[in-house]
Amino acid sequence: MDKNSGQLFVTQPLDREKQASYTLVAHAVAVGPGHAEEPMEIIIEVIDMNDNKPVFTQTTFEGSVPEAARE
């Protein structure tokens, strides 16, 4: 974690199929005398990504999209 920005970094890609969420406990530290924040729980939900390689079942696919199609 970057102490100035709070940006969190990981050492390897996160895979939602292996673990869908992570729970961290963090707290702020005061510079000099004084009390900072109490520890807080941070829950990180991993967004699912299609990380599977495409599989083609035939050599050529043909398709069409109507002109001015919305989606």
>> How large is the translational diffusion coefficient of the range 1-40 in µm² per second when you combine the Kirkwood radius over alpha carbon pairs with Stokes-Einstein at 37 °C and 0.692 mPa s?
In response: 256
>> Quick check on packing: order 58-71, 3-16 by the mean number of other C-beta atoms within 10 Å, highest mean leading.
In response: 3-16, 58-71
> What Kirkwood hydrodynamic radius do you get for the chain when you take the inverse of the mean 1/r over all pairs of distinct Cα atoms, in Å?
Replying inline: 17.6
> Between residue 41 and residue 29, what length in nm is gained on full extension when 0.36 nm per residue of separation is reduced by their alpha carbon distance?
Replying inline: 2.8 nm
> If r is the Cβ-Cβ distance from residue 12 to residue 56 and R0 is 30 Å, what FRET efficiency results, to the nearest 0.05?
Replying inline: 0.55
> Accessible area per residue of the chain at 1.4 Å probe, in Å²?
Replying inline: 105
> Can you pull the percent of the chain's accessible area that's carbon plus sulfur, 1.4 Å probe, other chains left in place?
Replying inline: 53
> Can you give me the relative contact order of the chain as a percent, contacts being Cα pairs under 8 Å and 6 or more apart?
Replying inline: 25
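The values are calculated or read from the model by the stated rules, or taken from the named source; none is laboratory data. Treat the numbers as computed from the prediction; the structure is a model and nothing was measured. Virtual Cβ from ideal backbone geometry, glycine too; neighbours counted across all protein chains shown. When the accessible area is computed, the model is the full protein with side chains, heavy atoms only, and any ligands, DNA or RNA have been set aside. Shrake-Rupley method; radii C 1.70, N 1.55, O 1.52, S 1.80 Å.
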